[in-house]
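A short write-up of the structure that comes next.
The values are calculated or read from the model by the stated rules, or taken from the named source; none is laboratory data. This is a predicted model, so every value here is computed, not measured. Reconstructed Cβ throughout: ideal geometry from the backbone, glycine too, with neighbour counts over all protein chains shown. Each accessible area value is taken on the protein alone, full model and side chains, heavy atoms only, with ligands, DNA and RNA left out. Shrake-Rupley method; radii C 1.70, N 1.55, O 1.52, S 1.80 Å.
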Amino acid sequence: WIQQKQPQAHNMALNMLSRQPATLKAGARRAMAPVRPASRMVRARSASSDPMVDKATSIKMMREGVKEFGEESVLTPRFYTTDFEEMERLFSMELNPNLNMEEFEAMLAEFKLDYNQRHFVRNESFKVAADKIDGATRKIFVEFLERSCTAEFSGFLLYKELGRRLKPINPVVAEIFTLMSRDEARHAGFLNKAMSDFNLALDLGFLTKNRKYTFFKPKFIVYATYLSEKIGYWRYISIYRHLQRNPDNQMYPLFEYFENWCQDENRHGDFFTAILKSQPQFINDVPSRLWSRFFCMTVYITMYLNDHQRNTFYESLGLEVKGFNQHVIIETNKTTARIFPEVPDCEHPDYFKRMDRMVELNTKLLSIGRMDLPGPLKKIMQLPVLERMVAEVAQIFFMPTLRCGSVDCEPELKAQVMY
């Protein structure tokens, strides 16, 4: 997938995936409309045949070598769609005089350099290392690859469509989105190829057609994707640095690619920083402060709960999951405070105490779900736990916060800057 020019880069990135994904439809109603799977997929999952299972991990397969997608929940990676017409208005140079095109053009020049063009090159050590991973660790490793691949592929679909829709309105911004979709496709393809080392893979074309799409307004898309890219950067670089200090825990060569890989995530986040600066209405009023706190909270809680459910994976890398999560959240929060108008005070003594209570409640919820009881009875048993979780979320939201933001957008903060 080494690219030389942009048209070839886009096509080669697509070839890494199992098939070319269908283009998202404009508007939430179209994008989220159910699509009937192709007939061969239906046959692969026919009720008349026994479900296929991977012998090494007991993971269900759609067909030989193709993993069945996990159940969707509030904690699983989502596919997003948005109001593309509003996006077009936001990036119209005629309607939006705040667009700093010099900054966007400088970013475009950097994206065109494609620093990681020759970075994602595999070797024989991948398969050798995968064959040595077995038992519960092998299963949790496959789940990690699936979730990571799905998240990267979600970004690819969204950025690709934004690049297509914005091209007539603002060619510079549109090309940046297209180049970011190149990066995300490259990441998703690399992760899906890594899954094949474990004799499994994802059918990304099938996923495109059958996954539910979550509609977010453009403002919320920018918040969510900014946080996703920045927290991705801190996760990858933290794992990489840990394994460089502890090479004996380097169980699979994928992690050796994280140092350069995470710079793609960082550049994507910086682009969304520029978007926020160009849209002052996203960050300069009271509702924006509340939404900033809300999105920080939901992203941090989602990561905290997800990773604690899969602590076996992090332990296999020699990481203590609680310490790792707290480090990533604190560093992401510090980065986010440079542009968001308000963020949680993650270093408050009670902040992670409440997060740990959320982990305890989520563990109870999952244990009830695994009980051999009728579905309605399990839901009744889960209700008080869910009620307690909602109360904890509310308490986290109303904990002390930090007033922050960029001095470029918050003139009253300039007096606080020290050189």
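Return the only residue of 56, 47 being open to solvent by 50 Å² or more (accessible area, probe 1.4 Å), at pLDDT below 70, among the hydrophobic types (A, V, I, L, M, F, W, C) and assigned to a loop (DSSP other than H, G, I, E, B). Explain how you work it out, then say what you get.
Values: 56 fails: at pLDDT below 70.
So the residue among 56, 47 that is open to solvent by 50 Å² or more (accessible area, probe 1.4 Å), at pLDDT below 70, among the hydrophobic types (A, V, I, L, M, F, W, C) and assigned to a loop (DSSP other than H, G, I, E, B) is 47.
Do any residues in the range 71-91 that are among the acidic types (Asp, Glu) have Cβ atoms under 6 Å from those of residues that are in a loop (DSSP other than H, G, I, E, B), where the two are at least six apart or on different chains, and which pairs are they?
Taking only residues 6 or more apart or on different chains, the pairs are 88/169.
Collect the residues in the range 270-322 that are under 18 Å from the mean Cα position of the chain (by Cα), closer than 29 Å to residue 357 by Cβ and among the β-branched types (Val, Ile, Thr), keeping them in residue-number order.
Selection gives 298, 299, 301, 302.
Name the single residue, out of those in the range 166-179 being closer than 20 Å to residue 92 by Cβ and within 22 Å of the chain's Cα centre (by Cα), that is most open to solvent (accessible area, probe 1.4 Å).
Looking only at the range 166-179, we keep the residues that are closer than 20 Å to residue 92 by Cβ, and these are 166-178.
Then keep just the ones that are within 22 Å of the chain's Cα centre (by Cα); that gives 173-178.
Details: 173: 0, 174: 2, 175: 55, 176: 0, 177: 2, 178: 35 Å².
Among those that are closer than 20 Å to residue 92 by Cβ and within 22 Å of the chain's Cα centre (by Cα), it is 175.
Would you pick out the residues in the range 290-330 that are over 29 Å from residue 240 (Cα atoms) and in contact with a Lys or Arg (Cβ under 8 Å, 6 or more places away or on another chain)?
Answer for the range 290-330, where residues must be over 29 Å from residue 240 (Cα atoms) and in contact with a Lys or Arg (Cβ under 8 Å, 6 or more places away or on another chain): just 291.
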